[in-house]
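These notes concern the structure reproduced below.
The values are calculated or read from the model by the stated rules, or taken from the named source; none is laboratory data. Remember, predicted model here, so these are calculated numbers, not experimental data. Ideal geometry is used to build each Cβ from the backbone, glycine not excepted, and the neighbour counts take in all protein chains shown.
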Amino acid sequence: MLRTSRRALVAAAAGAPLMRSAQDRDALLRKMLEPPSGRVPVVIDTDTYNEIDDQYCVAYGILSPDRMDVQAVYAAPYLNDRSTSAGDGMEKSYQEILRILKFLGRDAGGFAFRGSDRFLESAGKPVDSPAARDLIQKALQPRSTPLYVLTVGCPANVSSAILMEPKIRDRIVVVWLGGTTHEWPSAREFNLQQDLHASRVLFDSGAPLMQIPTKNVSEHLRTTVPEMERWVKGRSRLGDYLFGQFLDYARVHTQGREAAYPWSKVIWDISVVAWMVDPRWIPSSLVPSPVLTGDFRWSRKPGRHLIRVATNVSRDPVFHDLFEKLARSGR
């Protein structure tokens, strides 16, 4: 399925020119953006402490070794009421990554990396970080398949790596949870609007991109306190930790009245792992990359390269797979 892209990757490793025409680029993008099959190399880029959903993404990816070989986890910056600055958000995310890895019995050495301590200050100006450098190093390793970069936060680390070493564009596939559907009147969404410059790199650089929008797509991935209590609580140490976070979040956001009326919480970030596990759960299509404008809108321009965009989510099989894997993570 990836024969053309494999030849291209070998050419890149040898320093040969990859792109000789727009037709060549289009053909390579189509091949690299085919849904993954078999076990593939993966890194996860996450603003883990931003709220309570990134933790599920990290655990779900590591607990899916039949489909992905997770080689690193990167802490991404964020700024909201759970941080005092983008750098503080990155550091808190890094510490949360360490907690999740401890539950999973994974050594963080050479596996967890701090990312950008700030957002991109201007177009084309990357932020150097251990995460960006590790991504470049891993992307340039000779391999027969692309490196999949599962990105579930502000894409500052990933976009910085692309700007620092453009050759990795032809050696990675970015799977990003961010933005909205392109028909939506506004592109505004937390991951996208945190760093407009970094988000634009994803759509403008020509790197293979699988976008999973939030509006009307990943927002289907909702669960509830009773469901979490039935299928997550008491089945593993990690599950108990995640259930505790979920219950605390519910109490804060419903003023302690979560049992009094319908309430659910979206676990956005598991969507990127779910597409890797079974692309049928998240149908998608190839479309020309939109232009992200300065006022956070989508614009169309002729001749743009292709990206893949998710169009829907089959919610039930995703949560079934996640809950079963959490239960097997151990007491």
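Go through ALA187, ALA207, ALA139, ALA198 for me and flag whichever is without any contact (Cβ under 8 Å) to a residue 40 or more places away in the chain, among the aliphatic types (A, V, I, L, M) and assigned by TED's automatic domain parsing to the domain that holds ALA72.
ALA139
Given the options SER186, SER199, name the one that is small (Gly, Ala, Ser) and surrounded by fewer than 22 Cβ atoms within 10 Å (Cβ to Cβ).
Selected residue: SER186, the only one of SER186, SER199 that is small (Gly, Ala, Ser) and surrounded by fewer than 22 Cβ atoms within 10 Å (Cβ to Cβ).
Being buried (at least 20 other Cβ atoms within 10 Å of the Cβ), out of contact with any strand residue (DSSP E or B) (no Cβ under 9 Å at 6 or more places or on another chain) and not in a helix (DSSP H, G or I) is the filter here; which residues of the stretch 70-94 pass it?
If the condition is that a residue be buried (at least 20 other Cβ atoms within 10 Å of the Cβ), out of contact with any strand residue (DSSP E or B) (no Cβ under 9 Å at 6 or more places or on another chain) and not in a helix (DSSP H, G or I), then PRO77, TYR78, LEU79 are the ones that fit.
From the list ARG188, ARG143, which residue is in a loop (DSSP other than H, G, I, E, B), of a type in the set (Lys, Arg) and in contact with a strand residue (DSSP E or B) (Cβ under 7 Å, 6 or more places away or on another chain)?
ARG143
β-branched (Val, Ile, Thr) and over 25 Å from ASP128 (Cβ atoms): is that true of ILE44 in this structure?
no
So which pairs qualify, if the first residue must be in the stretch 295-311 and in the same structural domain as TRP176 (by TED's automatic domain parsing), the second must be assigned to a loop (DSSP other than H, G, I, E, B) and basic (Lys, Arg), the Cβ gap must be under 8 Å, and the two must be at least 6 apart or on different chains?
That search, which allows pairs on different chains as well, returns PHE296/ARG188.
Being of a type in the set (Ser, Thr, Tyr), buried (at least 19 other Cβ atoms within 10 Å of the Cβ) and over 15 Å from the mean Cα position of the chain (by Cα) narrows it down to one residue among SER218, SER236; which is it?
Among SER218, SER236, only SER236 is of a type in the set (Ser, Thr, Tyr), buried (at least 19 other Cβ atoms within 10 Å of the Cβ) and over 15 Å from the mean Cα position of the chain (by Cα).
Between a first residue in the stretch 237-265 that is at positive phi and a second residue that is aliphatic (A, V, I, L, M) and at pLDDT below 95, which pairs have beta carbons less than 9 Å apart while being 6 or more apart in sequence or on different chains?
Sorted first by the residue in the stretch 237-265, then by its partner, the pairs are GLY256/ALA250.
Could you list all residues from the stretch 119-136 that are without any contact (Cβ under 8 Å) to a residue 60 or more places away in the chain and either within 27 Å of SER37 (Cβ to Cβ) or outside the structural domain of PHE190 (by TED's automatic domain parsing) (or both)?
Selection gives ILE136 alone.
Conditions (1) in contact with a helix residue (DSSP H, G or I) (Cβ under 7 Å, 6 or more places away or on another chain); (2) more than 14 Å from VAL73 (Cα to Cα); (3) aromatic (Phe, Trp, Tyr), marked per residue:
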| residue | (1), (2), (3) |
| --- | --- |
| ASP117 | yes, yes, no |
| PRO130 | no, no, no |
| SER144 | yes, yes, no |
| LEU147 | yes, no, no |
| THR151 | yes, no, no |
| SER160 | yes, yes, no |
| LEU163 | yes, yes, no |
| ASP170 | yes, yes, no |
| GLY178 | yes, yes, no |
